[in-house]
Amino acid sequence: AIEIRGEPMRPLAARPQALRRAVANLVENALRHAGMDRPIELVWGTAGNDIFIEVNDRGPGIPAEEAERLKLPFTRLESARTGAIGAGLGLAIVDRIARSHGGALFLLPREGGGLVARITIPRP
């Protein structure tokens, strides 16, 4: 199950297809690593001068010291996110899309366990 919540926002000058791909990659990762029996959350809103899009899961998470490395192409973390499949490109693609919009991708520990994958993009 995916729980979705967000606040109304004014339109954003962005590449919508690229943002859809970034969110889809994060949702697929969350479902793959947290398992289909645990709900994930898709959340969006504003924080300061940025908009954010988050995909939160209750999987095994990612050690903080590995977060930046996992944004590199063909990189996977076998020990923390078991059962991994794929080429290790998903997070690199998300990071590139976020940066192409002037933003960033953050991989953060989730309170209570799991991962918060947050894209931030500056508001115009």
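The values are calculated or read from the model by the stated rules, or taken from the named source; none is laboratory data. None of these values were measured; they are calculated from a predicted model. So basically every Cβ, Gly included, is an ideal-geometry build from the backbone, and we count neighbours across all protein chains shown. Areas reflect the complete protein model, heavy atoms only, side chains present, ligands, DNA and RNA absent. Shrake-Rupley method; radii C 1.70, N 1.55, O 1.52, S 1.80 Å.
What the table below lists for this structure:
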{"quantity": "Out of 75, 82, sole residue that is polar (S, T, N, Q), in contact with a helix residue (DSSP H, G or I) (Cβ under 7 Å, 6 or more places away or on another chain) and modelled with pLDDT under 90", "calculated": "75"}
{"quantity": "Verdict on residue 10 being touching a strand residue (DSSP E or B) at 6+ places or on another chain (Cβ under 6 Å) and open to solvent by 50 Å² or more (accessible area, probe 1.4 Å)", "calculated": "no"}
{"quantity": "Residues (more than 16 Å from residue 63 (Cα to Cα) and either under 10 Å from the mean Cα position of the chain (by Cα) or buried (at least 16 other Cβ atoms within 10 Å of the Cβ) (or both)) located in the stretch 105-124", "calculated": "119, 120, 121"}
{"quantity": "Qualifying residue in the stretch 92-100 (condition: among the hydroxyl-bearing types (Ser, Thr, Tyr), at pLDDT below 95 and over 23 Å from residue 8 (Cα atoms))", "calculated": "no"}
{"quantity": "Identity of the residue in the stretch 24-41, open to solvent by 30 Å² or more (accessible area, probe 1.4 Å) and hydrophobic (A, V, I, L, M, F, W, C), that ends up modelled with the highest pLDDT", "calculated": "24"}
{"quantity": "Members of the stretch 49-76 that are without any contact (Cβ under 8 Å) to a residue 24 or more places away in the chain and open to solvent by 80 Å² or more (accessible area, probe 1.4 Å)", "calculated": "65, 68, 69, 72, 74, 76"}
{"quantity": "For residue 88: the one exception among (1) open to solvent by less than 20 Å² (accessible area, probe 1.4 Å); (2) within 19 Å of residue 1 (Cβ to Cβ); (3) free of Cβ contacts under 8 Å to residues at least 40 places away in the same chain", "calculated": "(2)"}
